[in-house]
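Reviewing the structure listed below.
The values are calculated or read from the model by the stated rules, or taken from the named source; none is laboratory data. Computed from a predicted model, the values in this text were never measured in an experiment. Positions of Cβ are generated from backbone atoms using ideal geometry, with glycine treated the same way; all protein chains shown enter the neighbour counts. Accessible surface is based on the protein model in full, side chains and every heavy atom, while ligands, DNA and RNA are left aside. Shrake-Rupley method; radii C 1.70, N 1.55, O 1.52, S 1.80 Å.
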Amino acid sequence: LTTVHGPRLRLLIIGGGQLSRYLASMAHMLDYQVTVCEPRTEYHEGWDQISGVTLSTAMPDDLVLSMNLDSNSAVVAITHDPKLD
């Protein structure tokens, strides 16, 4: 039996490609609060089918600032677009 008292671990994934989907699913199974940042509309399809994942259409730099990331947060950039990296 494990009980965690304190803030939940958060994961911000920048990029909404296929690898991001696998990472988001694994992180959700490990009880992370998962947010995927993908401003490009061509990558939005199918994210509503993955439970426990929030899709943000904001630009990554704006989202990082608004999330107030702390020591319980991790950021993974999985894009190949210089505007998003």
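Here is a check on your reading of the model: is L23 touching a helix residue (DSSP H, G or I) at 6+ places or on another chain (Cβ under 8 Å) and either in a strand (DSSP E or B) or within 24 Å of S71 (Cα to Cα) (or both)? Here the answer is no, as L23 does not meet what is asked.
Pairs are defined by a Cβ separation below 9 Å, a sequence spacing of at least 6 or placement on different chains, a first member in segment 59-82 that is polar (S, T, N, Q), and a second member that is surrounded by fewer than 16 Cβ atoms within 10 Å (Cβ to Cβ) and not in a loop (DSSP other than H, G, I, E, B); no pair meets this definition.
Condition check: in contact (Cβ under 8 Å) with a residue 12 or more places away in the chain, among the aliphatic types (A, V, I, L, M) and either open to solvent by less than 30 Å² (accessible area, probe 1.4 Å) or part of a helix (DSSP H, G or I) (or both). Does L55 satisfy that? Considered against the rule, which asks whether it is in contact (Cβ under 8 Å) with a residue 12 or more places away in the chain, among the aliphatic types (A, V, I, L, M) and either open to solvent by less than 30 Å² (accessible area, probe 1.4 Å) or part of a helix (DSSP H, G or I) (or both), L55 comes out as no. D70 meets all of the listed conditions (1) touching a helix residue (DSSP H, G or I) at 6+ places or on another chain (Cβ under 6 Å); (2) at pLDDT below 95 but one, namely (1). Need pairs with beta-carbon distance below 7 Å; first residue under 9 Å from L11 (Cβ atoms) and within segment 32-44, second of a type in the set (K, R) and open to solvent by 50 Å² or more (accessible area, probe 1.4 Å); sequence gap 6+ or separate chains. What qualifies is Q33/R8.
Whether any residue in segment 45-52 is under 26 Å from V4 (Cβ atoms), touching a strand residue (DSSP E or B) at 6+ places or on another chain (Cβ under 6 Å), in contact (Cβ under 8 Å) with a residue 12 or more places away in the chain and not charged (D, E, K, R) is what I want to check. Scanning segment 45-52, I find no residue that is under 26 Å from V4 (Cβ atoms), touching a strand residue (DSSP E or B) at 6+ places or on another chain (Cβ under 6 Å), in contact (Cβ under 8 Å) with a residue 12 or more places away in the chain and not charged (D, E, K, R), so the answer is no. Pull up segment 68-79, narrow it to residues that are surrounded by 12 or more Cβ atoms within 10 Å (Cβ to Cβ) and over 11 Å from the mean Cα position of the chain (by Cα), then point me to the one that is nearest to G6 (Cα to Cα). By that ranking, first place goes to N72. Number of residues in segment 21-50 that are open to solvent by 80 Å² or more (accessible area, probe 1.4 Å) and either among the hydrophobic types (A, V, I, L, M, F, W, C) or over 14 Å from V76 (Cα atoms) (or both) equals 10. Within segment 11-20, how many residues turn out to be in a helix (DSSP H, G or I) and within 10 Å of the chain's Cα centre (by Cα)? The total comes to 1. When restricted to residues that are hydroxyl-bearing (S, T, Y), under 10 Å from the mean Cα position of the chain (by Cα) and either farther than 18 Å from D61 by Cα or part of a helix (DSSP H, G or I) (or both), segment 29-44 contains 1.
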